[in-house]
Amino acid sequence: MPELSLLTWTVGIAALVIGILAGHFGWGKRWPGSLSKLHPDYLTGLDYLVTEQPDLALDMFLKLMDANADTIETHFSLGSLYRRRGEVERAIRIHQNLLAREKLAPEHREQALLALAQDYLRAGLLDRAEGLFQQVSEVPRLRASALDSLRGVYERQHEWQQALDVYRLLARIKAAPPRLVSAHYLCELAGLAIERGEMDTARRLLRDARAEIAPFPRAAVLRAQIAERDADFGLAIRLLRTALRGAPKLMQEELPHLLRLVAPDARDAVLVELVAQAESRDLDELKRLVFAAISAGLTDAAPLRAPIEKIFAQDATLQAVWRSSDARRGDAQRIAHEIGALLAHAEKYRCNECGFAGRNFYWHCPACHAWDSFEPYAIVKLG
């Protein structure tokens, strides 16, 4: 998460100062006619604020705060500001100091435990975060927030069964994320079952995934793997075709797989169908098919020659190559081979939630942990 701007910091700190002063004087009471009795360090902190030294100002205000009923929310606001800014150690210190207070009210103690768990999660201390989220999930008013955060911990640890169990707890209290998430958990478990050779278990899990959301291309791809292991190549082909119709973004991953299963004399027919399917939608989908074909070394396939030339002629990124080569029909295949070599080292996918890019496809973004957010994306550096 990017650092907060100075303006955001200033506004946050100003609110913090107001909270401190309100606690110092008491809400609803008449303010004194003079600030002469105010502790000098308050004014020092304000001076740091005015001179754009927010870190020094925050340190000063933190030193002056008392954990009483008037200032307790200020502690939580300050800890949240530090966490959002990435200064997790300071946030942890604030919340640990709160928990050390013997006279802290039960509701504030529970809130501090949740805040500390969020600090640990941000710091990557997953075991500590897990324990605290489990503890706080027993508090009715904080249950939904704690369980959802606990689900996130299990996702990061790839503990898919535990993540699914927590998802179902959230569903019972009507606080679960979309069912797409549970379908992905079931597919993760099915993938592990396939690796262990437990095909019956994998089939059951994939049926459960399709019951969550249908059609579900990921489940179709995994079921195709099982069909291929069973030598049921016809079923595997049908499943992969279904997956590519529902999720064209899988083209780079699954087109080579599909063509390996198809008989050589039927390959062109499959490619003709895929080209027609892409052209019936939009140019972007045809571009996905062309880049997948180039990456798979299929530039010589007759059904792909016209689409390759069309994309080369219309795509802004490739026009420079197309024009500089004085390209004719015979040149397209040579240029496609050259671009294929470039694509082998390019970032092929990008998360449409956070912008994370890489060569591999992920169902679960490693950076922002969004599901189903990766899209084909290729940067071809020319010259």
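The values are calculated or read from the model by the stated rules, or taken from the named source; none is laboratory data. Just so it is clear, the structure is predicted and the values come from calculations on it, not from any experiment. All Cβ positions, glycine included, derive from the backbone under ideal geometry; neighbour counts span all protein chains shown. We work out accessible area using only protein heavy atoms, side chains counted, and drop any ligands, DNA or RNA first. Shrake-Rupley method; radii C 1.70, N 1.55, O 1.52, S 1.80 Å.
For D300, are the conditions met, namely being part of a helix (DSSP H, G or I) and open to solvent by 20 Å² or more (accessible area, probe 1.4 Å)? Spell out the reasoning first.
Values: part of a helix (DSSP H, G or I): no; open to solvent by 20 Å² or more (accessible area, probe 1.4 Å): yes.
The answer is no for D300.
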Scan the stretch 132-186 for residues that are more than 26 Å from R223 (Cβ to Cβ), open to solvent by less than 70 Å² (accessible area, probe 1.4 Å) and of a type in the set (S, T, N, Q) and report the count. 4
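Residue check: is P215 more than 30 Å from V181 (Cβ to Cβ) and either among the charged types (D, E, K, R) or at pLDDT 85 or above (or both)?
Numbers: more than 30 Å from V181 (Cβ to Cβ): no; either among the charged types (D, E, K, R) or at pLDDT 85 or above (or both): yes.
In short, no.
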S149 over 22 Å from C365 (Cβ atoms) and of a type in the set (S, T, Y): no
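With L239, L261, L283 as the choices, which residue is within 27 Å of A183 (Cβ to Cβ) and under 31 Å from the mean Cα position of the chain (by Cα)?
Working: L261 fails: under 31 Å from the mean Cα position of the chain (by Cα); L283 fails: within 27 Å of A183 (Cβ to Cβ).
L239 is the lone residue from the list that is within 27 Å of A183 (Cβ to Cβ) and under 31 Å from the mean Cα position of the chain (by Cα).
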So, first residue farther than 19 Å from R288 by Cβ and free of Cβ contacts under 8 Å to residues at least 60 places away in the same chain in the stretch 255-269, second residue aromatic (F, W, Y) and part of a helix (DSSP H, G or I), Cβ within less than 8 Å, six or more apart or across chains; the pairs are L261/F233
